[in-house]
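The values are calculated or read from the model by the stated rules, or taken from the named source; none is laboratory data. Note that the structure is a prediction, hence the values are computed from the model and not measured. Here the Cβ positions follow ideal geometry from the backbone for every residue, glycine too, while neighbour counts run over all protein chains shown. To get the accessible areas, we keep the full protein, side chains included, count just its heavy atoms, and leave off ligands, DNA and RNA. Shrake-Rupley method; radii C 1.70, N 1.55, O 1.52, S 1.80 Å.
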Amino acid sequence: MMVDNIPPEELEIELSGRQIEQLDAIDNAVYQTILTFLNKTEDEFPWDMHYIGEVADAIEGTLLDLGQRVHRPAIITEKDGTVHLEEYQEPVLQTPKKNKKKEKPAYER
């Protein structure tokens with residue numbers, strides 16, 4: 001479907017100011033979390049989006065696995081090349097596994 005005579009593959013999707021603010025808030029919170037886990041200051045462990053992105057992805061994945069809906073806006077490119085914006089990441093409902101052995105919390109390992 002053409003919009004204003006522009007083919008869909010040429011339409012650009014952009015995040016709104018509110019969505020960018022949400023992503024910035026997540027990045028800042030994750031960075032502070034990393035500093036806390038490493039017991040380091042900003043001078044000892046400078047801002048690095050490689051680490052921040054990896055940790056944010058891990059947190060998002062964990063929350064989704066636990067059945068939580070995550071507010072982390074993203075521009076998604078599908079295999080067929082179509083692009084769309086997702087405001088929330090939705091959990092994938094998993095079928096419960098019987099006799100699953102409960103893992104000890106990290107502080108007990």
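Could you look through segment 1-22, keep only residues that are open to solvent by less than 80 Å² (accessible area, probe 1.4 Å) and in a loop (DSSP other than H, G, I, E, B), and pick out the one that is modelled with the lowest pLDDT? Among residues in segment 1-22 that are open to solvent by less than 80 Å² (accessible area, probe 1.4 Å) and in a loop (DSSP other than H, G, I, E, B), the one modelled with the lowest pLDDT is Pro7. Scoring Leu63 on the criteria (1) modelled with pLDDT under 95; (2) touching a Pro at 6+ places or on another chain (Cβ under 9 Å) leaves a single failure, condition (1).
In the condition set (1) at pLDDT below 95; (2) open to solvent by 70 Å² or more (accessible area, probe 1.4 Å); (3) under 22 Å from Glu14 (Cβ atoms), Lys97 is compliant with all but (3). Taking the criterion of being closer than 14 Å to Ile59 by Cα, among the aromatic types (Phe, Trp, Tyr) and open to solvent by less than 100 Å² (accessible area, probe 1.4 Å), the only residue of segment 23-45 that qualifies is Tyr31. Condition check for Ala56 on (1) over 17 Å from Gln89 (Cβ atoms); (2) part of a helix (DSSP H, G or I): one failure, at (1).
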